[in-house]
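Encoded as C-alpha cells, the structure appears first; notes follow it.
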Amino acid sequence: MRWLSTDSLKVDHLLFFTSFLILIITFLGIVSNISIIFMVIFLALIFLAFLVHFRGMKLNKWIINLLSIIFVILPFVNFSLEDIVIPSVEALALISAVRFLSQKTPREYFQIYLLALLLFSASTLFSFSWTFLLRFFLVFALSLFSVFLITYLKDTSQQYVDKFFLKSVFKYMLLIIAFCIPMSVIFFLFLPRTPYPLFSFGFTGSKTGFSSLVNLGDVSSIQEDRSVVMRVYIESIPQEALYWRIISFDNFNGKNWTRKEKISFPEYLTISGKRKTYSVLLEPSYENYLPLLDFPSKIYLQNVTLEYPAVYKTATPISQPLKYMADSYIEYEYYESAVSENYLQLPPNISDKTKKLVAEVTSKAKDDEEIINSIMEFLKNYEYSLKELPRGNNPIEDFIFNTKRGNCEYFASTMALMLRIKGIPARVVGGFKGGSYNPLGGYYVIRASDAHLWVEAWLNGFWKRYDPSSGRIVRYKESFVFNFLDYFWNKFIIAYDFKTQLHLISNLKSPPIPFKRKILFYVLLCFIGIISTITFVIYQKNRTPLKKFLKLMEKAGYKRQQNKGLMEFVSEISDENLKNLAMNFIEIYMKIYFKDKDFDKIHIEKLNFLLRELNAHIKSRRSKNKGDN
C-alpha cells in the first residue's frame with residue numbers, strides 16, 4: 001500500500017486500517033470457538049470491505065441492512081437454549097464485519113469500536129489466558145490512536161497528516177497508557193469482587209472430562225485436543241506416578257463402559273503410601289467429576305460427594321475455573337480383602353474365538369501374576385493410534401483380530417476383558433496420564449491430549465495399576481517462555497480470588513506495616529501523582545487558549561456543536577470582522593497544536609493578543625447593539 005510509505009498519510013486510510021486491526025485482534029479471541037463456515041464468511045466480508053474502501057465504491061444502505069438481518073438470523077438457525085452463547089458471538093462477529101462495509105463516518109467508526117468491544121468481552125467466555133492481556137493492550141492503544149485521528153479530522157477537516165502529527169499522537173498515547181497502568185493495578189487489587197461468576201448461562205463448551213459413560217472411541221477425540229485441562233501445583237514427582245484419576249468403570253457391554261458398583265467403605269479397605277498435598281486449578285470441563293492424583297485420600301472443597309473410593313463428584317457440572325486442594329498417595333498399596341462380582345462381568349456378545357485366544361496367550365502362566373504379564377506382553381504387538389479406530393457391533397474383537405491398532409481405550413478394555421475371562425477381577429480407570437512440569441512455577445500442566453484409560457487388577461487382596469499402552473503415547477514438550485508467562489498469569493491473575501483479596505486487605509490494615517511495603521506504597525503514590533500532574537499541566541497548557549476562544553464565541557452568540565470541526569464552526573459566523581479574527585486565531589492555534597510544537601511564551605502571548613482583540617470586538621458589538629436599541 002503506497003499510502004503507508006509516503007510522508008503525508010491520508011486520515012481516512014489510517015482510520016480504516018486501524019479499525020481493521022482492532023476488529024481482527026478481537027476476532028482472534030473467538031476464532032477457535034466458532035464454526036468454520038462463519039469464520040470464512042467473516043474473512044470474506046473483511047476482504048470485500050478492503051475492495052470497497054480502496055476502490056472508492058459505495059454500497060447502498062439497503063444492501064448493508066439486508067446483510068445485517070441475514071447474518072443476525074443465520075447463526076441461530078440450528079441452536080439450542082443450552083448453547084446460545086456461541087451463536088450470539090457468531091452473529092456479533094458477522095455484524096461487525098458488515099458494519100465495516102458501510103460508508104465510514106466518525107459515527108460509523110465508533111459503532112465498529114463498540115461492536116469490537118462487545119466481541120472482545122465475549123472472548124473471555126471461552127478463554128482467559130495471558131494472551132488476553134496482550135490483545136487488550138493492542139486494542140486499547142489502537143483505539144486511542146483512532147480517537148485522536150477522528151478528533152483531528154473533526155477539528156481541522158484536514159484529509160492528510162504528517163509524521164510530526166503522528167509523533168505527537170504517539171507521545172500522548174504513551175502518556176495516557178502510563179497513567180492507566182498503575183490505576184489498573186490498584187483497581188485489580190482492591191476493587192471488590194464476587195466469588196461467584198457473573199455469567200453462567202447458555203454455554204456448554206467443549207467437554208474435556210470424563211462422564212459416567214465412556215463409549216469406545218470417545219477418548220480419542222479428547223486426546224486430539226491440546227487445550228489445558230488443569231494446572232497442579234506440586235513438587236516434581238516420578239513420571240511413572242503421574243496418573244490423574246477421575247472415575248473407575250466396572251460394567252462393559254462390548255461397546256461402552258459404565259459403573260454399577262455402588263458406594264461402599266468396608267472396614268477391610270486400607271490405603272498406604274507416600275502422601276502428597278497439592279492444589280489444582282481446574283479449567284471448565286462441563287462434567288461433574290474431579291481429577292486427582294492417583295490415589296486420592298482427601299479433597300478440601302465444599303459441596304463434593306465421595307461417590308466411590310477415590311471418585312469425587314461435584315453437585316453441578318464444572319462450568320467455571322475451579323480451585324481446590326487435595327491429599328493423595330503415590331507408590332501406594334490399596335488393600336481390599338473382598339471385591340464385588342461386578343469386576344468379573346463379561347459382555348453378552350463375547351465369542352469363543354476370543355476366549356480361545358486368551359487361553360493360548362496365558363497357556364504358560366502358572367499364577368495370576370504371570371497371567372497379567374502374559375497379557376501385557378501380548379498387547380505389545382499391537383499398534384497405538386488415534387486414527388481409524390475399530391467400530392461396529394464388536395469393536396474389541398475387531399481390534400484384536402482385524403485392525404490390531406487403537407488407542408488406550410482399546411488396550412485397557414482388551415486387557416480388562418482378558419483378565420476377567422481368566423477369573424481375575426479387573427476394572428478400567430479413566431483420567432489423565434503425565435503432564436509437563438514447570439520448574440519455575442512448581443506446577444504441572446495437564447492437557448486434554450493427556451486423557452488416558454488404564455487397568456486395575458485385584459491380585460492377592462491388592463488393587464494394582466497396569467497400563468498396557470504406557471510408553472506408546474507421544475508427549476509434546478512445552479515452551480519454556482510460554483510456561484513462564486503462563487505461570488505468572490495463573491499464579492497472580494487467575495488465582496487472585498476473593499479470599500486472596502481479603503487476605504491482602506487484612507495485611508495492609510494490620511500494623512505495623514513493614515518498611516519495604518511503606519516504600520512501595522509511597523513510590524506508587526508519588527508515581528501516580530507525578531503522572532497526573534504532568535497530564536493535567538500538558539492538558540491545560542494545550543487546551544486553555546482554545547477554551548477561552550470558545551467561551552468568547554459563546555458570548556458572541558456562537559456555540560460550537562460537538563460534531564463540527566473548528567474550521568467549519570468559524571466559517572458559519574455571519575459577522576465578517578469577527579469571522580476573520582476567529583479564523584486568524586484558529587489557523588495559528590492549529591499550526592502549533594497539530595504540528596507537535598510547544599506553546600511557548602511567544603505563542604501564548606500571540607494567542608492572548610488575538611483573544612483580547614476578539615473580546616474587544618465582541619464588547620464593541622454589544623455596545624453598538626445596546627445603542628441601537
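State all residues of segment 435-472 that are of a type in the set (Ser, Thr, Tyr) and part of a strand (DSSP E or B); if no residue qualifies, say none.
Start the filter on segment 435-472 by keeping residues that are of a type in the set (Ser, Thr, Tyr), which leaves 436-437, 443-444, 449, 466, 469-470.
Passing the criteria: 436, 437, 443, 444, 466.
This table checks each residue for (1) among the basic types (Lys, Arg); (2) modelled with pLDDT of 85 or more; (3) in a loop (DSSP other than H, G, I, E, B).
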residue: 328; (1), (2), (3): no, yes, no
residue: 349; (1), (2), (3): no, no, yes
residue: 353; (1), (2), (3): yes, yes, no
residue: 356; (1), (2), (3): yes, yes, no
residue: 371; (1), (2), (3): no, yes, no
residue: 378; (1), (2), (3): no, yes, no
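Going through segment 404-427 one residue at a time, which ones are over 22 Å from residue 359 (Cβ atoms) and in contact (Cβ under 8 Å) with a residue 40 or more places away in the chain? Walk me through it before giving the result.
Here is the first cut: in segment 404-427, the ones over 22 Å from residue 359 (Cβ atoms) are 405-409, 427.
Of everything in segment 404-427, those that are over 22 Å from residue 359 (Cβ atoms) and in contact (Cβ under 8 Å) with a residue 40 or more places away in the chain turn out to be 407, 408, 409, 427.
Among the residues of segment 392-433 satisfying the criterion of being assigned to a loop (DSSP other than H, G, I, E, B) and open to solvent by 10 Å² or more (accessible area, probe 1.4 Å), which is farthest from residue 458 (Cα to Cα)?
Taking segment 392-433 as the starting set, the residues that turn out to be assigned to a loop (DSSP other than H, G, I, E, B) are 392-394, 404, 407, 422-425.
Subset that is open to solvent by 10 Å² or more (accessible area, probe 1.4 Å): 392-394, 404, 422-423, 425.
Details: 392: 30, 393: 29, 394: 26, 404: 27, 422: 12, 423: 10, 425: 5 Å.
Among residues in segment 392-433 that are assigned to a loop (DSSP other than H, G, I, E, B) and open to solvent by 10 Å² or more (accessible area, probe 1.4 Å), the one farthest from residue 458 (Cα to Cα) is 392.
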Exercise. Within segment 291-326, which residues are part of a loop (DSSP other than H, G, I, E, B), more than 24 Å from the chain's Cα centre (by Cα) and at pLDDT 85 or above?
Worked result: 294, 295, 301, 302, 303, 310, 315
Exercise. In segment 57-71, which residues are touching a residue at least 12 places away in the same chain (Cβ under 8 Å) and within 19 Å of residue 90 (Cβ to Cβ)?
Worked result: 64, 67, 68, 71
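Can you pull out every residue in segment 141-160 that is assigned to a helix (DSSP H, G or I) and modelled with pLDDT under 85?
Of the residues in segment 141-160, the ones assigned to a helix (DSSP H, G or I) are 141-156.
Listed by number, the residues that qualify are 148, 149, 150, 151, 152, 153, 154, 155, 156.
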For this session: Select, from 349, 342, 288, the only residue that is surrounded by 14 or more Cβ atoms within 10 Å (Cβ to Cβ) and over 27 Å from the mean Cα position of the chain (by Cα).
Result: 342
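Condition test on residue 147, is it in the same structural domain as residue 30 (by TED's automatic domain parsing), aliphatic (A, V, I, L, M) and in contact with a helix residue (DSSP H, G or I) (Cβ under 7 Å, 6 or more places away or on another chain)?
Numbers: in the same structural domain as residue 30 (by TED's automatic domain parsing): yes; aliphatic (A, V, I, L, M): yes; in contact with a helix residue (DSSP H, G or I) (Cβ under 7 Å, 6 or more places away or on another chain): no.
No; evaluated as a whole, the condition is false for this residue.
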Exercise. Surrounded by fewer than 15 Cβ atoms within 10 Å (Cβ to Cβ) and at pLDDT 75 or above - does that describe any residue in segment 588-604?
Worked result: no
For this session: Identify, by number, the condition in (1) among the small types (Gly, Ala, Ser); (2) at pLDDT below 90; (3) under 30 Å from residue 129 (Cβ atoms) that residue 44 doesn't meet.
Result: (2)
Problem set entry | Boolean, residue 243 is exposed (fewer than 12 other Cβ atoms within 10 Å of the Cβ), out of contact with any Pro (no Cβ under 8 Å at 6 or more places or on another chain) and modelled with pLDDT of 90 or more | no
Exercise. Taking only pairs six or more apart or across chains, which ones have beta-carbon atoms under 8 Å, a first residue in segment 325-346 that is touching a residue at least 60 places away in the same chain (Cβ under 8 Å), and a second residue that is open to solvent by less than 40 Å² (accessible area, probe 1.4 Å) and β-branched (Val, Ile, Thr)?
Worked result: 330/237
Problem set entry | Residue that is nearest to residue 214 (Cα to Cα) [pool: residues in segment 436-463 that are open to solvent by 20 Å² or more (accessible area, probe 1.4 Å) and modelled with pLDDT of 85 or more] | 447
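Pick from segment 81-109 the residues that are in contact (Cβ under 8 Å) with a residue 12 or more places away in the chain and open to solvent by 60 Å² or more (accessible area, probe 1.4 Å): which of them is farthest from residue 37 (Cα to Cα)?
Here the answer is 103.
Among the residues of segment 111-119, is any modelled with pLDDT of 80 or more, within 30 Å of residue 229 (Cα to Cα) and open to solvent by 60 Å² or more (accessible area, probe 1.4 Å)? Even if it seems obvious, please write down each step before you answer.
Pass one, segment 111-119, residues modelled with pLDDT of 80 or more: 111-119.
Now narrow it down to the ones that are within 30 Å of residue 229 (Cα to Cα): 116-119.
Subset that is open to solvent by 60 Å² or more (accessible area, probe 1.4 Å): 117-118.
Taking every residue of segment 111-119 in turn, at least one turns out to be modelled with pLDDT of 80 or more, within 30 Å of residue 229 (Cα to Cα) and open to solvent by 60 Å² or more (accessible area, probe 1.4 Å).
For segment 19-101, which helices (runs of 4 or more DSSP H) that fit wholly inside it have 1 or more residues that are under 24 Å from residue 145 (Cβ atoms)?
Values: elements: 36-54, 61-73, 85-99.
Where helices (runs of 4 or more DSSP H) fall fully within segment 19-101 and carry at least 1 residues being under 24 Å from residue 145 (Cβ atoms), they are 36-54, 85-99.
The values are calculated or read from the model by the stated rules, or taken from the named source; none is laboratory data. Computed from a predicted model, the values in this text were never measured in an experiment. Note that each Cβ is placed from the backbone with ideal geometry, even for glycine, and that neighbours are counted across all protein chains shown. These accessible areas exclude ligands, DNA and RNA; they are computed on the full protein's heavy atoms, side chains included. Shrake-Rupley method; radii C 1.70, N 1.55, O 1.52, S 1.80 Å.
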